[in-house]
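Bear in mind these aren't lab numbers, they're just calculated from the coordinates by the rules spelled out. These numbers were taken from a predicted model, which means no experiment stands behind them. No Cβ is skipped: glycine too gets one built from the backbone with ideal geometry, and neighbour counts run over all protein chains shown.
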Amino acid sequence: MKLTTDDVKKVAELAKLEFTAQELERFTDQLGRIVELVEQLGEVDTTGVEPMAHPLDVHTALRDDQLRTGLTHQAALANSPKHDGEFFLVPPVLTR
Amino acid sequence: MKLEVLPAVTLASMIAARELTSREATEYFLSRIRRLDTNVGAFISVDEEAALRRADEVDARLVAGEFSNSPLAGVPIAIKDILCMTGSATTCASRMLEDFRPPYTATAVQKLLDAGMVPLGKTNLDEFAMGGSTESSALRRTCNPWDPERTPGGSSGGAAAALSAGLTPLAIGTDTGGSVRQPAAFCGTLGLKPTYGRVSRYGLIAFASSLDQVGPLAHHVQDLAACLNLIAGHDRLDSTSLDVPVPDYASELAQPLAGLRVGLIREQIDNDSIDAAIRDATLRCQQTLSGLGAELIDVHLPHTQYSVPTYYLIAPSEASGNLERYDGVHYGKRSYGDAGSPSPLEAMIARSRSEGFGPEVKRRIMLGTFALSAGYYDAYYKKALQVRRLIANDYQQAFTQVDVLLGPVTPTPAFKLGEKSGDPVQMYLEDLFTVGANLAGIPGLSVPAGCNAQGLPLAVQFQAPALAEAKLLNVAHQLQQAEFFKPALAPSFAH
Amino acid sequence: MSEKPYKIVIGLEVHVQLATTTKLFCGCSTEFGAPPNTQVCPVCLGLPGALPVMNSRAVELAIRTGLALDCKIADVTKWDRKNYFYPDLPKGYQISQFDQPICGEGHLDFPNPDSPSEKLRVRLIRAHLEEDAGKSMHDEAAAKADSRIDLNRTGTPLLEIVSYPDINSPAAAKAYLTELRLLLTYMGVSDCNMQEGSLRADANVNLHLEQNGQTIATPIVEVKNLNSFRAVERALVYESQRQYDQWLKTQQTINDAPKQTRGWDDAAGVTVPQREKEDSADYRYFPDPDLIPLHVTTDQLDQQRQQMGELPAALREQLENVHGLKPYDADVIVSQGRGVVEFFQAVVAAGASAKRVSSWIQQDVLRTLNERGWTMAEFPLNPQQLSGLLQSIDASQIDNSRGRDVFQYWIDHPTMDLDQVKSALGIESIDQSAMEALCQELLAEHPKIVAQVLEGNQKGLGSLIGAAKAKNPNADHKLVRELCLQLIQKGL
């Protein structure tokens, strides 16, 4: 497929990235060429091939339902760009 | 004494014998970093005080009789700045995490600490490990100690450069599509990507979770073996880490290679894109192996040509999800949107991400988001997972005939800084020979193979079935013994 | 039920918080009510490099639930990421199950609220595990103030149980939820506390109307924010009427409008349109590479079957068929929980008649638990004690009202035996001759009543019984009545 700037805009919205008009142009061109590269896979017959999401055939890793010491309140908030000592703070979630 | 040319295990035995203290060794390398790293740019951060404090502590504990079973106690090591260490900045070479101080330590690093190793500092990388030249680092430019105009490779470019400039005796990197092996090849060191799940990923800041793996870089095969022994093993904090006993890698190094079946990957060795000197290096390696009694067999990995497109769908898709956590809310960079935007929250998230990530990271997030989005999932992401299985099957088939595979690491030796950074497709095609091992989850080892006419390092790659790291190390050690390669610093750092 | 000109079609999505000690993918506590951001670790904060590891208990409880709901349990189940940005979702994705849920199709049968002896069946599409998000708090008064984020709840294990649109009345929706909650609490799978958010329901509602011999469906609306069973019923009554009014106005069918989300405003008693989390919800589900697939073994299934215990439906049947209770009575007792059922069974096993035990438990015991704020386990009388009392009533050794006196006194003096309680209350049996003397005395004092009785009017006997009790509280009213009649008929 040929990527358009509209396609790229839509993806940017999903990915929560902002681009200037110029950047958008450049990304559309670059992504277009990368998509061309990956579309080579279209040549491969994958009928009936089970997708491989994990590199190794392993399964079932469980832990016991046991408490484990977490982070102190201070440590939890320490890297936060904005907090009030209790909560993480963000610009208002609700807009009216 | 020139400590930078000694094997790390030798340094450790000197320290254990009190011929040298850990503090002296640490001071030695810190002083080299202080003097020389301005020309290399290998480190993002060096905490001299913490390193020396740590060295003193290890010295005291060595005197008290601790670490008696630890082959690397007291030895300094460089850590790629993508592995978390409590309290020390872990940046991923990104503006996004410039001020991030993790409240916990990666399992692999913790194991090194538990074994008495001394972290010198954190090495540079491509931003979030996305790249093959360390040029996408937002914080530092690293050059190749063999030629300052050339890239050290990437993403573990800082680790390989630090080693080849003699700034550390050992380094820890991570490999998602060749990020340990390719910079090792460009900088003339050894670099091992272990089997997926052999080393815990806990505390390794994720790029592509089904491909990422922690691996050591070193000059000497014994060092690689000793270091892998320390970091390998099951971790209950990582569901994907393998619960399989760890062999004593050092004890298998001396095995003779007589009867070893070595597969020559025809699609790779005969590839048109491959540099003549690299093809020659591969041939020379075949001859040496043959002289050591190994049997050389032609093998085919028919889906090799699809490994780059497959990788560049799977890795960005996983990355797009892994990097969604960087939203300016709980940690990392926050930037506010324009005043009066209809949703200040969404504007904050988008602005933080747009200012926090560099272009290569954005490119991959965009590509991955696209490949996973409604209407494209089957044609792109799912298709890539299917071809991945075919690639893995090729390997499986090959390993019914041979014990290890031989091929190149890269099509060319180190390229010039800026040479490919304008063209992402060209850059991605560099990964042709390395991404297969990540897709299939098998181990791969980059072994130095002398230099080309311009004096740039060359390398060959060995790959083995899952969990057969011991075989890879055995082969490399025998090649070192046979002087197929000699551990060497970059010439201008060897005086 | 009045006939409506439409049929309501309701499907329910129920989120149940599983009764684990720790979160789904890390060892942080799931306890409700801790100070904000104190039950967190690198994993549930979504710190870079932290990795999830699955809680085995959550898997067990999901399997147990699936078995009780007759679901097909998957041999292999896996984890997927559901991607969206929200500040109470620190990883930017929720770990959930997309195409291979742990529990497949199943169903739940429950008493028809309109006719308790009949059953309704709701088929289930699936039940899958997922992690909960944190909480965002907004200061309604100051719209521009920052929102506050608490991540204590982040990562708490949820089982999402999704029904087919098989529910056709608000009352049936409530009854379905009631039965589901009962089942889950019976199995110890969840405390189902709605105030604390351990059980949350969303409803998908639309109407089917007949027009010119064709069935027409109105647009589907998802109603959220249903915080109590009463709210579920009220919201569905409101929403179905609203949709009908809307239909009359717009004639919009399911093909004319996309699915809409509305929230229930309990105070105002209306549903109001809600903004979607993302305008175009494209969650980009993909298999979570940090978690490997889970294989469910037959051993695990057997183990959970054993730990399930007897379930409400089976117990109701037992109370009806073995003990002869009416469906209504059986339902009341079973609805009180396993403790009350087991108490009932023990009292009956100790010898009292099932019907009397049923009525005493429904009235006296439950009232006492209510008044005193006791659980069944805290009730001071053991089954043998209560059975002893009820057997004396069965044998007419004590009448019902004196029995209540005994019960009232005994629950405050549970170490006494029945005789001690009786004597403390001055209850003793009166012998035949003393009773006859008492009755003769009464008749002598009330000649008018005697005359009435002789004329065939027995109404006055009641006041004789009252008078007898006044003279001697142990006088059994049945006996007084019988003796007085005999004496009158004999002509004294």
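Nearest 5 is fine: what % of DSSP beta bridges in the protein assembly as shown come out antiparallel, could you say?
Bridges in the protein assembly as shown that DSSP calls antiparallel: roughly 80 percent.
List every residue whose amide H lies under 5 Å from the amide H of residue C:80, counting only residues 5 or more places away in sequence or on a different chain, with H placed 1.01 Å from N in the peptide plane.
Amide H neighbours of residue C:80: C:96, C:97, C:98, C:288.
What does the charge dipole of chain C about its Cα centre add up to, to the nearest 20 debye, if the Cβ of each Lys and Arg holds +1 and the Cβ of each Asp and Glu holds -1?
560 debye
What fraction of the DSSP beta bridges in region C:193-351 is antiparallel, stated in percent and rounded to the nearest 5?
Antiparallel bridges: around 75 percent, rounded to the nearest 5.
Net charge near residue B:133, counting Lys/Arg +1 and Asp/Glu -1 over other residues with Cβ under 13 Å of its Cβ?
That sum, taken over residues with Cβ under 13 Å, equals -4.
Quick one: grab the alpha carbon gyration tensor of the protein assembly as shown, order the square roots of its eigenvalues as a ≥ b ≥ c, and give me rounded if a/c is under 1.5, else prolate or oblate depending on whether a/b is larger than b/c.
Here the protein assembly as shown falls in the prolate category.
So which of C:448/C:469; B:2/B:416; C:82/C:174; C:448/C:471; A:2/B:362 end up more than 27 Å apart, counting from Cα to Cα?
Violating the 27 Å limit, Cα to Cα: B:2/B:416; C:82/C:174.
So which lysines pass the test for residue C:259, namely a Cα distance under 18 Å, with those fewer than 8 places away in the same chain ruled out?
Qualifying lysines at Cα under 18 Å: C:224, C:277.
Which residues' amide hydrogens lie under 5 Å from the amide hydrogen of residue B:449, considering only partners 5 or more residues apart or on another chain, with H built in the peptide plane?
B:458, B:459, B:460
Using the crude model of +1 on Lys and Arg Cβ and -1 on Asp and Glu Cβ, and no other charge, please compute the dipole size for chain B relative to its Cα centre, in debye to 20.
340 debye
Along its principal axes, what span do the Cα atoms of region B:407-457 show, with the longest given first and each in whole Å?
Over region B:407-457, Cα extents along the principal axes are 33, 29, 12 Å.
List the extent of the Cα atoms of region B:88-174 along each of their three principal axes, largest first, rounded to whole Å.
Computed over region B:88-174, the largest-to-smallest principal extents equal 38, 30, 16 Å.
Considering only DSSP beta bridges with both partners in chain B, what is the antiparallel share in %, to the nearest 5?
In chain B, DSSP labels about 65 percent of beta bridges as antiparallel.
Dividing the Cα radius of gyration by the Kirkwood radius, what Rg/Rh value follows for chain C?
With Rg and the Kirkwood Rh in hand, the quotient comes to 1.12.
HN-Hα J couplings of region C:21-36 from phi, Karplus 6.51/-1.76/1.60, θ = phi - 60°, integer Hz, Gly and Pro as x?
Per residue, the Karplus-derived 3J(HN,Hα) values read 7, 10, 5, 5, 10, 8, x, 7, 5, 9, 4, 7, x, 6, x, x Hz.
What residue among A:20, A:69, A:46 has the largest mean-square fluctuation in a Gaussian network model of chain A, using Cα springs under 10 Å?
Per the Cα network of chain A with a 10 Å cutoff, A:69 tops the list.
So how strong a dipole does the protein assembly as shown carry about its Cα centre when Lys and Arg Cβ are +1 and Asp and Glu Cβ are -1, to the nearest 20 debye?
In debye, rounded to 20, the protein assembly as shown gives about 840.
Tell me, how many Å apart are the Cα centres for region B:248-280 and for region A:44-89?
The two parts, judged by their Cα centres, are 38 Å apart.
Report the local net charge at residue C:113: Lys and Arg +1, Asp and Glu -1, summed over other residues whose C-beta lies under 12 Å from its C-beta.
For residues surrounding residue C:113, the net value is -3.
So who's got an amide H within less than 5 Å of the one on residue B:200, skipping anything under 5 residues away but keeping other chains? H placed 1.01 Å off N, in plane.
Correct list: B:233.
Straight-line reach only, C-alpha to C-alpha below 16 angstrom: list the aspartates and glutamates that residue A:10 could link to, leaving out same-chain residues fewer than 8 apart.
Within the straight-line cut-off, residue A:10 pairs with A:18, A:23, A:25, A:29, B:346, C:278, C:279, C:282.
Could you work out, for region C:283-398, what percent of all Cα-Cα pairs fall into each 10 Å distance bin, beginning at 0 Å and stopping at the bin that holds the largest distance?
With a bin width of 10 Å, the distribution comes to 12, 34, 24, 11, 10, 7, 2, 0.
Does region B:430-495 come out rounded, prolate or oblate by the C-alpha gyration tensor, with a ≥ b ≥ c the root eigenvalues, rounded set by a/c under 1.5 and, if not, prolate when a/b is larger than b/c and oblate if not?
Here region B:430-495 falls in the oblate category.
In whole Å, what is the distance between the alpha-carbon centres of region C:106-134 and region B:394-461?
The two parts, judged by their Cα centres, are 57 Å apart.
What list of ³J(HN,Hα) values in whole Hz, one per residue of region C:450-464 in order, does the Karplus curve 6.51 cos²θ - 1.76 cosθ + 1.60 (θ = phi - 60°) give from phi, with Gly and Pro shown as x?
Once rounded to whole Hz, the list reads 4, 4, 4, 4, 5, 7, x, 10, 9, 4, x, 4, x, 6, 5.
Excluding same-chain residues fewer than 8 positions from residue B:122, which lysines have a Cα within less than 21 Å of its Cα?
Those lysines meeting the cut-off are B:80, B:111, B:193, B:333.
Go through C:172, B:182, A:28 and say which Cα lies farthest out towards the positive end of the charge dipole of the protein assembly as shown; charges sit on Cβ, +1 for Lys and Arg, -1 for Asp and Glu.
A:28
Enumerate the calculated ³J(HN,Hα) couplings along region A:25-37 in order (Karplus 6.51 cos²θ - 1.76 cosθ + 1.60, θ = phi - 60°), each rounded to whole Hz, writing x wherever the residue is Gly or Pro.
Once rounded to whole Hz, the list reads 4, 5, 5, 4, 5, 5, 4, x, 5, 5, 4, 4, 4.
Two-decimal Rg/Rh of region B:20-157 from alpha-carbon positions, Kirkwood Rh?
Ratio value, two decimals: 1.00.
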